[in-house]
Amino acid sequence: LVDILIPNAEITAGFEQWRVERHSGGALQGIIASETPSTITIRTMAGEETAISRDDILRMEAVELSAMPAGLEGQITVEEMADLIEMLRSPS
């Protein structure tokens, strides 16, 4: 429940947000979906995945923000909150 109400209090390992700036231009932000010796794949909040060559990475830094949006409890109904809590408690 704390993760929903105060999403930036603690970010679970593997769900850290990363900002990747590219030599070829532009930047992406998301979680690291996968890694190989030559590439990393970033998954954005929209669920899109982009593989980036490590040679194309200009800068990569952790972003101290949770993927869980702040203020979510004020944007959903009590029933939706109950469903969310039930889903989070269920085994994967």
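How much length is gained if the chain between SER90 and SER24 is pulled fully straight, taking 0.36 nm per residue apart and subtracting their Cα-Cα distance, in nm to one decimal?
Details: separation 66, 0.36 × 66 = 23.76 nm, distance 4.21 nm.
Contour length minus the Cα-Cα distance gives 19.5 nm.
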Top to bottom by accessible area (1.4 Å), largest first, where do MET60, MET81, MET45 land?
-> MET45, MET60, MET81
Hey, rough spin-label estimate for ALA62 and SER34, points 7 angstrom out along Cα→Cβ, what's it come to in nanometres?
-> 2.4
Taking ASP56, ASP83 and ranking on accessible area (1.4 Å, protein atoms only), highest first, one gets ASP83, ASP56
Round to the nearest 10 and report in Å² the accessible area of VAL63, as given by a 1.4 Å probe over the protein chains' heavy atoms.
-> 30
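The values are calculated or read from the model by the stated rules, or taken from the named source; none is laboratory data. Fair warning: this is a prediction, and the values are worked out from it, not measured in the lab. Methodologically, a virtual Cβ is constructed for each residue, glycine included, from the backbone with ideal geometry; neighbour enumeration extends over all protein chains shown. These area figures cover heavy atoms from the full protein model, side chains too; ligands, DNA and RNA do not enter into them. Shrake-Rupley method; radii C 1.70, N 1.55, O 1.52, S 1.80 Å.
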